[in-house]
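Visitor: Okay, handing you the structure first.
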Amino acid sequence: MSSNSQAFQAIKGTYDILPADAPTVLAVREAFAAPLRRAGYGYIETPVFEDINLFSRGVGESTDIVTKEMFAFTTLGGERIALRPEGTASVLRATLEANLHRVGNLPVKLWYSGSQYRYEKPQKGRYRQFWQVGAEAIGAEDPALDAELIILADDAYRSLGLRNFRILLNSLGDRECRPVYRAALQDFLRGLDLDEDTRRRAEINPLRVLDDKRPDVQAQLVGAPMLVDYLCEGCKAYHEQVRELLTAAGVAFEDDPKLVRGLDYYTRTTFEFVHDGLGSQSAVGGGGRYDGLSEMIGGPALPSVGWALGVDRTVLALEAEGITLDAPATTDVFAVPLGEQARRVLFGTVTQLRREGVSADIVYGGKGIKAAMKAADRSGARWAIVAGDRDLAEGNVQLKDLSTGDQTPVALDVLVTTLKEKLQ
Ligand code: HAM
């Protein structure tokens, strides 16, 4: 075979969502969206690519996402573009651009659903294109908003039947107390025996060092100053209120003073949903407050909070818990015409059924009766309409119940109403 006739494959780190898996994927997205709609979040869609600077400024110059994982390119017109690695910066950009924060009530509550792109090392649960449903509440500083979002995500996971997940909660402080802590942590890290890369990270983004998974690093981190001990009164009181609201709502969480997120924009409340059946890629969702992001991308002060839930990993979490969601049947009715005239008539019937809201399909490609009946069985339909030219000459078709095999003649002119009644 010559090389240009070789079959193509999906690019590394990407995969196809095939019809057999699609109902679960769609159900997960819907389960994430439903609580948001009930809580007054409006749907927004932004482009999959943006000015690269939006992400380098928004997500943070020192993050892995910006330094190593961005799908960046120059367009034919010379613009520097990146595929979005996440949704928050784009949604805030769109909010500012459309002045949503000026025309309506604050917070502006928005939700979105879409693919994100990160050039990460692919493995199970970690892809280069993955899917998130996200929510952002923009322009209000209120612990009730932070709690609301965590509760909505908890509701969403529970509505899918998931139970083996935990909520990790932390506060990262604000622009008043975090710098003091940052300096103290850097002092501590400078006294350790760290490799050059880690030492560099300690200078740029010392909090990320706390997240280092290597045992030798973790061993040295015992006794490191912790952010909880440095929180200012304002941050402490705020965090306490978030905790109280969650407790009052019956949402269990674990305080995790070491929780740092992979994006730089967070202030105060940060949280992650982790699933215990997923191995190393255990975070099924995460988010937090980002009070300074608007100003970082050229907007006014707009304290905000949000999250994004990972669709791909949630599907894996459902598998891990052995949960299968009810997949709706693909079609209700399958037409098997025997002969040319029957074909024209039944094609018309199928069109009419579809227009009246009944899912219907027909055998294609001029199959013989045996292959056609096999196709009907495989389609998962409940009813088959079988008609030959002789039936039609008498104004009839045969209606076959595919679950029992029973077959009865039905007059063509009452076929659609009969089927609609039977399917009700
Ligand atoms: P994030 O923690 O980077 O946050 O991503 C949220 C979720 O997306 C993760 O918990 C995970 O389930 C999923 N995810 C991330 N990377 C991958 C990947 N490579 N493959 C599969 N799934 C992945 C954000 O993106 C923030 N924008 C969340 C946010 C919204 N914060 C405030 N508002």
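The values are calculated or read from the model by the stated rules, or taken from the named source; none is laboratory data. Given the structure is predicted, the values throughout are model-derived calculations rather than measurements. Don't worry about glycine lacking a Cβ; one is built from the backbone with ideal geometry, like all the others, and counts go over all protein chains shown.
Visitor: Any chance you could count how many residues in the range 93-127 are closer than 14 Å to PRO47 by Cβ, in contact with a strand residue (DSSP E or B) (Cβ under 8 Å, 6 or more places away or on another chain) and either in a helix (DSSP H, G or I) or not assigned by TED's automatic domain parsing to the domain that holds TYR41 (or both)?
Guide: Narrowing the range 93-127 to residues closer than 14 Å to PRO47 by Cβ: 93-94, 97-98, 112, 114-117.
With in contact with a strand residue (DSSP E or B) (Cβ under 8 Å, 6 or more places away or on another chain) added as a condition, the list becomes 93, 112, 114-117.
Then drop every residue that is not either in a helix (DSSP H, G or I) or not assigned by TED's automatic domain parsing to the domain that holds TYR41 (or both), which leaves 93.
The total comes to 1.
Visitor: Now for a different question. Return the residues of the range 374-424 that are small (Gly, Ala, Ser), crowded, with 18+ Cβ neighbours inside 10 Å and over 42 Å from the mean Cα position of the chain (by Cα); say none if nothing qualifies. Before the answer, list the steps.
Guide: Keep residues of the range 374-424 that are small (Gly, Ala, Ser), which gives 375-376, 379-381, 384, 387-388, 393, 395, 403, 405, 411.
Those left that are additionally crowded, with 18+ Cβ neighbours inside 10 Å: 375-376, 379, 381, 384, 387.
Result: ALA387, single match.
Visitor: Tell me whether the range 90-107 contains one or more residues that are closer than 20 Å to PHE32 by Cα and without any contact (Cβ under 8 Å) to a residue 40 or more places away in the chain.
Guide: Looking through the range 90-107, none of the residues is closer than 20 Å to PHE32 by Cα and without any contact (Cβ under 8 Å) to a residue 40 or more places away in the chain.
Visitor: From the residues in the range 265-290 that are assigned to a loop (DSSP other than H, G, I, E, B) and within 11 Å of the ligand (Cβ to nearest atom), which one is nearest to ASP142 (Cα to Cα)? Please lay out each step first, then the result.
Guide: As a first pass, look at the range 265-290 and keep what is assigned to a loop (DSSP other than H, G, I, E, B): 265-266, 276-282, 290.
The next check asks that each one be within 11 Å of the ligand (Cβ to nearest atom); those that pass are 265-266, 278, 281-282, 290.
Values: TYR265: 18, TYR266: 15, LEU278: 33, GLN281: 31, SER282: 29, TYR290: 12 Å.
Looking at residues that are assigned to a loop (DSSP other than H, G, I, E, B) and within 11 Å of the ligand (Cβ to nearest atom), I get TYR290.
Visitor: Another one. Would a scan of the range 3-20 turn up a residue that is under 19 Å from the mean Cα position of the chain (by Cα) and buried (at least 18 other Cβ atoms within 10 Å of the Cβ)?
Guide: Of the range 3-20, the ones under 19 Å from the mean Cα position of the chain (by Cα) are 13-20.
Then drop every residue that is not buried (at least 18 other Cβ atoms within 10 Å of the Cβ), which leaves none.
Looking for residues that are under 19 Å from the mean Cα position of the chain (by Cα) and buried (at least 18 other Cβ atoms within 10 Å of the Cβ), one finds none in the range 3-20, hence no.
Visitor: Okay, moving on. Looking for something more than 16 Å from SER304 (Cβ to Cβ) and either among the charged types (D, E, K, R) or touching a Gly at 6+ places or on another chain (Cβ under 7 Å) (or both) - is there at least one such residue anywhere in the range 81-93?
Guide: Taking the range 81-93 and keeping what is more than 16 Å from SER304 (Cβ to Cβ), we get 81-85.
Right, trim to either among the charged types (D, E, K, R) or touching a Gly at 6+ places or on another chain (Cβ under 7 Å) (or both) and you get 84.
Looking through the range 81-93, at least one residue is more than 16 Å from SER304 (Cβ to Cβ) and either among the charged types (D, E, K, R) or touching a Gly at 6+ places or on another chain (Cβ under 7 Å) (or both).
Visitor: Then there is this: Suppose the filter is within 23 Å of PRO122 (Cβ to Cβ), modelled with pLDDT of 95 or more and outside any helix (DSSP H, G or I); does ALA20 pass it? Explain how you work it out, then say what you get.
Guide: Values: within 23 Å of PRO122 (Cβ to Cβ): yes; modelled with pLDDT of 95 or more: no; outside any helix (DSSP H, G or I): yes.
Here the answer is no, as ALA20 does not meet what is asked.
Visitor: Consider LEU149 carefully, then state whether it is crowded, with 21+ Cβ neighbours inside 10 Å, assigned by TED's automatic domain parsing to the domain that holds PRO303 and in contact with an Asp or Glu (Cβ under 7 Å, 6 or more places away or on another chain). Show your work before the answer.
Guide: On the way: crowded, with 21+ Cβ neighbours inside 10 Å: yes; assigned by TED's automatic domain parsing to the domain that holds PRO303: yes; in contact with an Asp or Glu (Cβ under 7 Å, 6 or more places away or on another chain): no.
Against the criterion (crowded, with 21+ Cβ neighbours inside 10 Å, assigned by TED's automatic domain parsing to the domain that holds PRO303 and in contact with an Asp or Glu (Cβ under 7 Å, 6 or more places away or on another chain)), LEU149 does not qualify.
Visitor: Is it the case that the range 312-324 has a residue that's more than 29 Å from the chain's Cα centre (by Cα), of a type in the set (A, V, I, L, M), more than 16 Å from the ligand (Cβ to nearest atom) and over 30 Å from LEU92 (Cα atoms)? Give the derivation first.
Guide: To start, the set of residues in the range 312-324 that are more than 29 Å from the chain's Cα centre (by Cα) comprises none.
No, the conditions are met nowhere in the range 312-324.
Visitor: If you don't mind, another one. Take PHE71 and decide whether it is more than 11 Å from the ligand (Cβ to nearest atom) and either among the aromatic types (Phe, Trp, Tyr) or in contact with a helix residue (DSSP H, G or I) (Cβ under 8 Å, 6 or more places away or on another chain) (or both).
Guide: Details: more than 11 Å from the ligand (Cβ to nearest atom): yes; either among the aromatic types (Phe, Trp, Tyr) or in contact with a helix residue (DSSP H, G or I) (Cβ under 8 Å, 6 or more places away or on another chain) (or both): yes.
Answer is yes for this residue.
Visitor: Would you confirm whether any residue within the range 244-252 is among the acidic types (Asp, Glu) and within 16 Å of the ligand (Cβ to nearest atom)?
Guide: We begin by selecting, within the range 244-252, every residue among the acidic types (Asp, Glu); these are 244.
Going one step further and asking which of them are within 16 Å of the ligand (Cβ to nearest atom), we end up with none.
Looking for residues that are among the acidic types (Asp, Glu) and within 16 Å of the ligand (Cβ to nearest atom), one finds none in the range 244-252, hence no.
Visitor: Evaluate the following for GLU97: is it charged (D, E, K, R) and more than 9 Å from the ligand (Cβ to nearest atom)? Full working, then the answer.
Guide: On the way: charged (D, E, K, R): yes; more than 9 Å from the ligand (Cβ to nearest atom): yes.
Considered against the rule, which asks whether it is charged (D, E, K, R) and more than 9 Å from the ligand (Cβ to nearest atom), GLU97 comes out as yes.
Visitor: For the range 33-74, give me each residue that is in a loop (DSSP other than H, G, I, E, B) and aromatic (Phe, Trp, Tyr). Spell out the reasoning first.
Guide: Filtering the range 33-74 down to residues in a loop (DSSP other than H, G, I, E, B) leaves 39-41, 44-48, 59-63, 69-71.
Of everything in the range 33-74, those that are in a loop (DSSP other than H, G, I, E, B) and aromatic (Phe, Trp, Tyr) turn out to be TYR41, PHE71.
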